[in-house]
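The structure appears below as structure tokens.
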Amino acid sequence: MTKIVLHDTKTKLKKPLEPVVPGKVGMYVCGPTVYDRAHIGNARPVVVFDTLYRLLRQVYGTDNVTYVRNFTDVDDKINARAAESGRSISDITEETIGWYLDDMGAMGALEPDEAPRATQSIDAMIKMTEELIAKGHAYAAEGHVLFSVKSDPEYGSLSHRNVDDMIAGARIEVAPYKRDAMDFVLWKPSDADTPGWDSPWGRGRPGWHIECSAMAREVFGERFDIHGGGNDLMFPHHENEAAQSRCAHGHDGMASIWMHNGMLQVEGAKMSKSLGNFFTVKDLLDKGIPGEVIRFVLLSTHYRAPLDWTERGVSEAEKTLRKWRTLTVGIEPAATVPPSVIAALSDDLNTAGAIAALHGLTGDPAGLLAGASMLGFLSDALGEWADAPEVGDAGAMIEALIAARTEARKAKDFARSDAIRDGFAAAGVIVKDTADGATWELAPDFDPAKLEGLV
RNA sequence: GGCGAGUUGGCGGAGUGGUGACGCAGCGGAUUGCAAAUCCGUGUACACGAGUUCGAUUCUCGUACUCGCCUCCA
């Protein structure tokens, strides 16, 4: 079996993937808080871990991989959105989840095997919170339950932080009910206007971090293989998740490998609303940038490195995909994925290396197609954008003009033939002169009106 | 202030202790009436300074710069 190695944040090493249950892989990726459209930065982990999912399915078999991505549908941002819009929380979360799946699907992201929602796992969170209290790792105070960071000597081991250093330099407002500045909330009280559930500590709602610990355990049990997300989640979210699970279970096996993708920038600058370079996946799709092209851009840089989203990168991606699509028209994919592609992906998900490998397969369209499919490219479902424009009534005119040009060339009337040639170019008609005569096809910017003056 | 990541040719972007990936652009050639398309060829790149080594872009230390996180954030 292909050996897969992945970089683990905790150990800072590339570790061979050795599944807890031999032959079966479990992967948990932190999903969105559903209160608004996903932006392009949100899309990176989705596409990155989708690609890993595809690799795992290829190597271990489709039925032997379980990919879980949660929806955080209880959160103060959602509450705020509901309050300001007057809409119900469930309206907002349902709509946003639908958007999310549509937008991610447009980039060829497969849906996970399981997509648990926080609101459907409240009992599991309460249970885990009780366990943490029982084991002395958490305490109830004023309707809150807090995790005691000091009770966990390994706290900080994932993100490589020292608790004392953090307190020293931090701008943390210490709530009166906290025993220690770093303690974080497992459960907090809800007022009448806030969603809440009955609990041993009164009506309330869970803190953010507990949901992933509880839901991952519900699906996988105490140990699973890969836990992923953006590196901004490394601290505090994943650190806290790891602490909760470690302290509840008495071992550090929550995830064998922690993976974190790098952040996305736009034209070299941090993406932010104030800079005006903040956009959602839907914005890009509406602008006419195909989801497949977005996917390509997101995979053309190694996942751990920062990724700069640029117009130029988009157009290069589009050009490459168009070329590959042209090369593979009517081709059946090879039965096996080319080893060069598998080898690149198996080495810490080197998608840029895999794309380079695909460039090397342009002489082998069947292999190219098989390899590209492995990366989620060149599917029919994502390919509509690359279809040639409709020729409409212009076909006859184009044929006539080609004939006229051929005549002109025979007559050595080069002024005429060159005028037609240039006119074709301007109108988006691509003419290729071959030994058997001229063939033509339409460019994406085909404009039949521009042919009128040539006749 | 603390922690982490990054710095590769015109651009993008892999990788490696010893023969300079790959793509785009550029340049030269073939082809063409001229082009387009195609094909062939083409680049003394690894932030800087020390160190280790027979040899470093690749390892170590330091410096600079960029970015991220430390507060909701993928």
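Computed from the coordinates by the stated procedures, all read-outs in this text should not be read as laboratory data. All figures in this text were calculated on a predicted structure; none of them were measured in a lab. Don't worry about glycine lacking a Cβ; one is built from the backbone with ideal geometry, like all the others, and counts go over all protein chains shown.
Between the residues A:Ile4, A:Gly196, A:Met254, the greatest Cα displacement towards the positive end of the dipole of chain A, with unit charges on the Cβ of Lys, Arg, Asp and Glu, is found for A:Ile4. Within chain A, the longest run free of exposed loop sites, counting GluC sites (Glu not before Pro) that sit outside DSSP helix and strand states (H, G, I, E, B) and have at most 15 other Cβ atoms within 10 Å, spans A:1-141. Specify the inter-centroid distance of region A:97-126 and region A:243-293, based on alpha-carbon positions, in whole Å. When both Cα centres are located, 15 Å separates them.
Rounded if a/c is under 1.5, else prolate if a/b is larger than b/c, else oblate: which is region A:5-261, with a ≥ b ≥ c the root eigenvalues of its Cα gyration tensor?
On the way: a/c = 1.69, a/b = 1.17, b/c = 1.45.
Here region A:5-261 falls in the oblate category.
Its relative contact order, with pairs defined as Cα atoms under 8 Å and 6+ residues apart, puts chain A at 16 percent. Compared with the dominant principal axis of the Cα atoms in chain A, helix A:365-374 is inclined by about 20°.
In the structure displayed, which of A:Lys12/A:Lys150; A:Lys412/A:Lys450; A:Lys77/A:Lys323 lie more than 32 Å apart, Cα to Cα?
Working: A:Lys12/A:Lys150 24 Å; A:Lys412/A:Lys450 25 Å; A:Lys77/A:Lys323 43 Å.
In this structure, A:Lys77/A:Lys323 exceed 32 Å between Cα atoms.
Counting only C-alpha contacts under 8 Å and six or more residues apart, can you give the relative contact order of region A:5-261 as a whole percent? Write down the numbers at each step before the final one.
Details: 417 pairs, mean separation 62.2, N = 257.
For region A:5-261, the relative contact order is 24 percent.
Cross-link partners for A:Lys15 among the lysines, with Cα-Cα distance under 23 Å and sequence neighbours closer than 8 places in the same chain left out: A:Lys3, A:Lys24.
Among A:Gly423, A:Ala408, A:Ile398, whose Cα lies farthest out toward the positive end of the dipole of region A:394-454, if unit charges sit on the beta carbon of Lys, Arg (+1) and Asp, Glu (-1)? Positive-end residue among those listed: A:Ala408.
Under the √(5λ) rule applied to the eigenvalues of the Cα gyration tensor, what semi-axes describe the equivalent ellipsoid of region A:264-386? Give them in Å, descending. Kindly include the intermediate steps, with their values, before the conclusion.
Numbers: eigenvalues 148, 60, 21 Å².
The answer is 27, 17, 10 Å, longest axis first.
For chain A, adding -39500 (n - 2.57) for each run of n ≥ 4 DSSP H residues and dividing by the number of residues yields -12500 deg cm²/dmol at 222 nm.
Across region A:326-398, Cα pairs under 8 Å and at least six residues apart give a relative contact order of 33 percent.
The spacing between region A:412-455 and region A:315-340, judged by their C-alpha centroids, is 27 Å. For chain A, give the share of DSSP beta bridges that are antiparallel, in percent and rounded to the nearest 5; count only bridges with both residues there. DSSP beta bridges in chain A are roughly 55 percent antiparallel. Computed from the Kirkwood radius of its Cα pairs, the Stokes-Einstein diffusion coefficient for chain A at 4 °C and 1.567 mPa s stands at 52 µm²/s.
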